[in-house]
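Engineer: Dropping a structure here in structure tokens format, bear with me for questions.
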Amino acid sequence: MKVMVIGGAGYIGSHVVKALLDDGAKVVVYDDLSSGHKINLFPKAEFVEGNILDYDKLKQAMEQEIDAVVYLAAKKAVGESMENPELYAENNLIGAVNILNAMSKAKVKVLVFSSSAAVYGMPEYLPVDENHPLNPINFYGFTKLEMERLMKWYDMLRGIKYTSLRYFNAAGYDKSGAIKGRDSKPQNLLPIIKEVVDGKRECLMVFGNDYDTRDGTCVRDYVHVSDLADAHVKAIKRLLEGKPSAIYNLGTENGVTVKEVIAATERVTGKTLPVRFVGRRAGDPAVLVASSRKAEQELGWKPKYTSIEEIIRTEL
Ligand code: WQD
């Protein structure tokens, strides 16, 4: 099995590459290193340095017996997507079309796409399952939903089978320490906490402690990145076996508050984490928890990391 991982030098992509190599697959990484890291590349994987907006290069890279594509390369900062929609339209929409067109030309028939819980918007019920209404409240989530709709058409018209994986809050790092690249300007809770622990940031700002939750802070479903990576391997194999296209939530169904994340960090480090409570961040739902029952039933996927403490241990 030969798999092209587009965005394979990035955070989730490098974990997917590792899971594929560990499973015995041949891997080609296509990445422009704009946010991915050279040190995340595995010598066993072939590397093509290229941008998804370079259609000719992408098509050329695909014209070599590729069995499946995993598409992760995308802009992923929610706030930035609202301030600079053009950038997100270009990378996440035009880039997505390029990938589908290149697959169509190169006759690659299997695609696993990195989607997001952001396609749902504000949860109307919990846990959120795949039938939940799709109402993204930010441009980032809109771009992910548009790609899901495009894939449906390329499946019908070109026979490209896809699996869309809607991640909840991806967190942690490979526990063997194989993946070293870190985001230089982290936007998410755990990488920010790591910077505080490392003394690169004075304190953690907690966005709101007046939510209607058990301790007033937001509840999220943190899912370990190695568990996410495992789901990609399973999704590729399932499609290569001839099963139909599908959409799966990936989470743990276990909601954890920001205060619980802080307490778990303090248990892991044995130190008090400097924290400042500030106002709510616009667009944050109070609670976001996944139902991953469908992935469990159809993919045979179950997260191995079930406690936030274990996840934090791999992050720090
Ligand atoms: C988690 C919790 C914050 C930072 C977003 C996207 C999602 C996915 C992941 C893409 C929230 C709180 C955070 C801080 C804080 N996107 N927090 N202080 O917003 O749940 O999900 O990122 O790749 O689509 O919506 O994740 O890590 O930003 O926040 O108090 O400095 O931590 O309010 O409750 P979020 P997050």
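Here, each number is a calculation from the coordinates, and none is a lab measurement. Worth saying up front: this structure is predicted, and the values here are computed from it rather than measured. In this analysis, Cβ positions are derived from the backbone assuming ideal geometry, glycine residues included, and neighbour counts consider all displayed protein chains.
Engineer: For C218, C203, what ranking results if the residue with the fewest other Cβ atoms within 10 Å of its Cβ goes first? Display every interim value, and only then the final one.
Structural biologist: On the way: C218 24, C203 10.
Ordered from fewest to most neighbouring Cβ atoms within 10 Å, C218, C203 come out as C203, C218.
Engineer: How would region 54-149 be classified by its alpha-carbon gyration tensor: rounded, prolate or oblate, with rounded meaning a/c under 1.5 and the a/b versus b/c comparison settling the rest?
Structural biologist: oblate
Engineer: Please report, to two decimal places, log10 I(q)/I(0) for region 150-270 at q = 0.09, 0.10, 0.15, 0.18 Å⁻¹ as given by the Debye formula with identical point scatterers on the Cα atoms and no solvent.
Structural biologist: -0.37, -0.45, -0.84, -1.04
Engineer: From Cα pairs below 8 angstrom and at least 6 apart in sequence, can you work out the relative contact order of the chain, rounded to a whole percent? Please report the intermediate quantities before stating the final value.
Structural biologist: Numbers: 632 pairs, mean separation 59.8, N = 316.
Computed over the chain, the figure is 19 percent.
Engineer: Which of these, V112, V206, V223, has the largest mean-square fluctuation under a Gaussian network model of the chain (Cα springs below 10 Å)?
Structural biologist: V206
Engineer: Can you work out the Karplus-derived ³J(HN,Hα) for every residue in region 249-262? Use 6.51 cos²θ - 1.76 cosθ + 1.60 with θ = phi - 60°, whole Hz, and x for glycine or proline.
Structural biologist: 7, 10, x, 10, 6, 10, x, 10, 7, 4, 4, 5, 5, 4
Engineer: For the chain, set up a Gaussian network in which alpha carbons nearer than 10 Å are linked by springs, and say which option among N131, N209, N101 fluctuates the most.
Structural biologist: N131
Engineer: Would you please classify the overall shape of region 181-227 from the alpha carbon gyration tensor, given that a ≥ b ≥ c denote the square roots of the eigenvalues, rounded means a/c under 1.5, and beyond that prolate means a/b larger than b/c while oblate covers the rest?
Structural biologist: Oblate is the answer for region 181-227, as a/c is 1.5 or above yet b/c matches or exceeds a/b.
Engineer: Which pairs break 23 Å Cα to Cα here: K76/K194; K59/K161; K161/K185; K175/K243; K59/K243; K185/K302?
Structural biologist: Beyond 23 Å between Cα atoms: K161/K185; K175/K243; K59/K243; K185/K302.
Engineer: Same structure, new question: Once you list every other residue whose beta carbon is under 9 Å from the beta carbon of S291, what net charge do they have if Lys and Arg are +1 and Asp and Glu are -1?
Structural biologist: Working: positive: R293, K294; negative: D129, E130, E253.
After counting each charged neighbour, the total is -1.
Engineer: Also, I was wondering about something else. Given a 10 angstrom Cα cut-off, can you work out which residue in A282, A246, A264 is the most mobile in a GNM of the chain?
Structural biologist: A282
Engineer: Tell me, how many Å apart are the Cα centres for region 241-256 and for region 199-216?
Structural biologist: Region 241-256 and region 199-216 have Cα centres separated by 29 Å.
Engineer: Quick check on the chain: what are the equivalent-ellipsoid semi-axes from the Cα gyration tensor, as sqrt(5λ), descending, whole Å?
Structural biologist: Ellipsoid semi-axes (Å, largest first): 31, 21, 19.
Engineer: So, one more: Treat every Asp and Glu Cβ in region 239-311 as -1 and every Lys and Arg Cβ as +1, leave all other atoms uncharged, and give the resulting dipole magnitude about the Cα centre to the nearest 20 debye. Could you put the intermediate results ahead of the total?
Structural biologist: Numbers: 11 positive and 9 negative charges, 53 e Å.
Rounded to the nearest 20 debye, it is 260 debye.
Engineer: Taking the Cα centre as origin and putting +1 on Lys and Arg beta-carbons and -1 on Asp and Glu beta-carbons, what dipole magnitude results for the chain, to the nearest 20 debye? It would help to have the intermediate numbers written out before the result.
Structural biologist: Details: 42 positive and 42 negative charges, 100 e Å.
So the magnitude is around 480 debye.
Engineer: Could you tell me which residue out of V287, H232, L299 lies farthest along the dipole of region 223-307 toward its positive end? Charges go on the beta carbon: Lys and Arg +1, Asp and Glu -1, centred on the Cα centre.
Structural biologist: Highest projection toward the positive end goes to V287.
Engineer: Right, something else. In units of 2.2 N^0.38 Å, what is the alpha-carbon radius of gyration of region 234-316?
Structural biologist: Rg over 2.2 N^0.38 Å, computed on Cα atoms: 1.46.
Engineer: Follow-up question, since we're still on this one. What angle, in degrees between 0 and 90 and rounded to the nearest 10, separates the Cα long axis of helix 11-22 from the longest principal axis of the Cα atoms of the chain?
Structural biologist: On a 0 to 90 degree scale, this one is about 60.
Engineer: Run the numbers for E309 and K105: contour at 0.36 nm per residue of separation, minus the present Cα-Cα distance, in nm.
Structural biologist: Numbers: separation 204, 0.36 × 204 = 73.44 nm, distance 4.59 nm.
Gain on extension, E309 to K105, equals 68.8 nm.
Engineer: Percent antiparallel among DSSP beta bridges with both residues in the chain, to the nearest 5? Display every interim value, and only then the final one.
Structural biologist: Values: 2 of 40 bridges.
Given both bridge residues lie in the chain, the antiparallel proportion sits at roughly 5 percent.
Engineer: For region 1-112, calculate the relative contact order in percent as a whole number, restricting contacts to Cα pairs under 8 Å that are 6 or more residues apart. Working shown, then result.
Structural biologist: Numbers: 183 pairs, mean separation 32.9, N = 112.
Contact order relative to length: 29 percent.
Engineer: Which of S307, S116 has the fewest other C-beta atoms within 10 Å, and how do the rest follow up to the most?
Structural biologist: In increasing order of surrounding Cβ atoms, one gets S307, S116.
Engineer: Taking amide H positions as placed 1.01 Å from N in the peptide plane, with prolines and chain starts having none, which residues 5 or more places from V5, or on another chain, fall under 5 Å of its amide H?
Structural biologist: The list, which skips near neighbours in sequence, is V28, V29, Y30, V70.
Engineer: So who's got an amide H within less than 5 Å of the one on F277, skipping anything under 5 residues away but keeping other chains? H placed 1.01 Å off N, in plane.
Structural biologist: Amide H neighbours of F277: V206.
Engineer: Using the Karplus curve 6.51 cos²θ - 1.76 cosθ + 1.60 with θ = phi - 60°, work out ³J(HN,Hα) for each residue of region 119-128 in order, rounded to whole Hz, and write x for Gly and Pro.
Structural biologist: 5, 7, x, 5, x, 9, 8, 9, x, 6
Engineer: Further, regarding this structure: Taking θ as phi - 60°, what are the ³J(HN,Hα) couplings along region 38-52 by the Karplus curve (6.51, -1.76, 1.60), each to the nearest whole Hz, with x for Gly and Pro?
Structural biologist: For region 38-52, the Karplus-derived couplings read 4, 5, 7, 7, 9, x, 6, 9, 6, 10, 10, 7, x, 9, 6 Hz, x marking Gly and Pro.
Engineer: Another one. Work from the charge dipole of the chain (Cβ charges, +1 for Lys and Arg, -1 for Asp and Glu, about the Cα centre) and give the residue of F42, Y167, L72 farthest towards its positive end.
Structural biologist: Sorting the options by dipole projection puts first F42.
Engineer: Could you work out the relative contact order of region 161-285? I mean the mean sequence separation of Cα pairs under 8 Å and 6+ apart, divided by the number of residues, in percent.
Structural biologist: 41 percent.
Engineer: Once a ≥ b ≥ c are taken as the square roots of the eigenvalues of the Cα gyration tensor of region 36-102, is the result rounded (a/c under 1.5), prolate (a/b larger than b/c) or oblate (a/b not larger than b/c)?
Structural biologist: Oblate is the answer for region 36-102, as a/c is 1.5 or above yet b/c matches or exceeds a/b.
Engineer: Next question, about the same structure. Suppose every Lys and Arg Cβ carries +1 and every Asp and Glu Cβ carries -1, with no other charges. What dipole size does region 1-149 come out with about its Cα centre, to the nearest 20 debye?
Structural biologist: On the way: 14 positive and 20 negative charges, 78 e Å.
The dipole magnitude comes to about 380 debye.
Engineer: Just from its helices, what would the mean residue ellipticity at 222 nm be for the chain, if runs of 4 or more DSSP H residues each count -39500 (n - 2.57) and the sum is divided by every residue, rounded to the nearest 500 deg cm²/dmol?
Structural biologist: -10000 deg cm²/dmol
Engineer: Kindly express, to the nearest 10 degrees and within the range 0 to 90, the angle between helix 139-158's C-alpha long axis and the longest C-alpha principal axis of the chain.
Structural biologist: 30 degrees
Engineer: In the chain, if the dipole is taken from +1 on Lys/Arg beta carbons and -1 on Asp/Glu beta carbons about the Cα centre, which of A9, L250, Y140 is farthest to the positive end?
Structural biologist: The residue sitting most towards the positive pole is A9.
Engineer: For Y162, which sequence-distant residues (separation of 5 or more, or a different chain) have an amide H within less than 5 Å of its own amide H, given hydrogens modelled in the peptide plane?
Structural biologist: Those lying under 5 Å, H to H, from Y162 are L111, S245, A246.
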